[in-house]
Amino acid sequence: MKKIGILLFMLFMAVSYAQEVKQVPQISVAGEGKVKVVPDQATITVTVETKGNNAKEVKKQNDDQMDSVLKLLKKMNLPTSDYKTQRVSLNPQYDYEKKKTSYNAQQTIEILLKDLSKYDELMAGVVENGINRIDNVVFQSSKLAQYQSEARKMAMKEAKMKAEDYVSVLGQKVGKAMTITDNSQIHYPQPVYATMRKLEMSDSAAPKETLALGEINITANVSVSFILE
């Protein structure tokens with residue numbers, strides 16, 4: 001009997017507490033902010049790849065070509081802090097049909113180009129000096145944090161405006177925000193194929209323009225729950 005009494009008391013307290021807790025009127029909406037900007041710099045990843053039957057000769061050829069590339073970057077007055085070696089490899093490759101071993105050497109560097117007016121000169125120059133593989137080109141903005149902040153503010157303003165539109169016909173007002181969920185994404189245009197076409201063309205005295213920058217879409221998406229007053 002004592003246990004039953006305790007259980008009934010706990011059940012009574014739980015029901016009483018549930019009755020005392022009032023649901024807070026609220027509204028949940030989504031907001032989006034978009035900022036479009038023209039890129040002002042690019043991160044370029046390129047590789048020197050050499051192959052042959054003698055490991056020492058393959059590695060030396062690879063080193064010589066990379067040395068020429070690095071000298072070009074210095075000649076173009078790129079700060080040494082704006083380019084770095086990403087990886088270096090020398091791998092044996094055995095041909096079971098010919099029963100011979102060949103070697104494949106690779107060196108990859110990443111270049112941060114802050115002056116896009118040098119883009120065509122750089123891309124043509126690295127290929128002439130030994131680069132034979134372009135892995136990636138990502139165009140970006142040096143003011144990314146600033147534009148992200150602008151997009152977030154725009155998203156919050158849109159969310160609040162939506163909430164006010166919905167409740168205006170109910171005679172209520174939008175109060176403080178209870179929860180905010182942020183889902184922001186950045187889209188980088190990557191016109192790598194234009195670059196590859198240029199490199200595959202025959203030599204010509206006339207300079208070619210291959211750069212089509214496009215725009216970076218910086219988007220902020222938020223979900224907000226507001227208290228209704």
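With a cut-off of 14 Å between beta carbons, the residues surrounding Asn136 carry a summed charge of 0, where Lys and Arg count +1 and Asp and Glu -1.
Between amide H atoms placed 1.01 Å from N, distances below 5 Å from Gln41 occur with Gln140, Ser142, all of them 5 or more places distant or on a separate chain.
Note on Glu121 and Ser149: the extension gain reaches 6.7 nm, defined as 0.36 nm multiplied by sequence separation minus the Cα-Cα distance. For the pair Glu229 and Asp182, a Förster radius of 22 Å applied to the C-beta separation gives a FRET efficiency near 0.35, rounded to the nearest 0.05. The Cβ shell under 12 Å around Ile216 holds other residues with a net charge of +1, Lys and Arg each +1, Asp and Glu each -1. For Asp40, the shell of other residues with beta-carbons less than 13 Å away shows a net charge of +1, using +1 for Lys and Arg and -1 for Asp and Glu.
Over the range 63-108, what percent of the accessible surface lies on carbon and sulfur atoms, probe 1.4 Å? The nonpolar share, carbon plus sulfur, comes to 46 percent. The accessible surface of the range 125-185, taken with every protein chain in place and a 1.4 Å probe, is 49 percent carbon and sulfur. Could you pull out the pairs from Lys34/Lys176; Lys36/Lys173; Lys74/Lys118 whose alpha carbons sit more than 22 Å apart here? Where the Cα-Cα span goes over 22 Å, the pairs concerned are Lys34/Lys176; Lys36/Lys173.
The values are calculated or read from the model by the stated rules, or taken from the named source; none is laboratory data. Keep in mind the model is a prediction, meaning the values are calculated, not measured. Neighbour counts run over all protein chains shown; Cβ positions are idealised from the backbone, glycine included. For the accessible areas, the whole protein counts, side chains as well, though only heavy atoms, and no ligand, DNA or RNA atoms are used. Shrake-Rupley method; radii C 1.70, N 1.55, O 1.52, S 1.80 Å.
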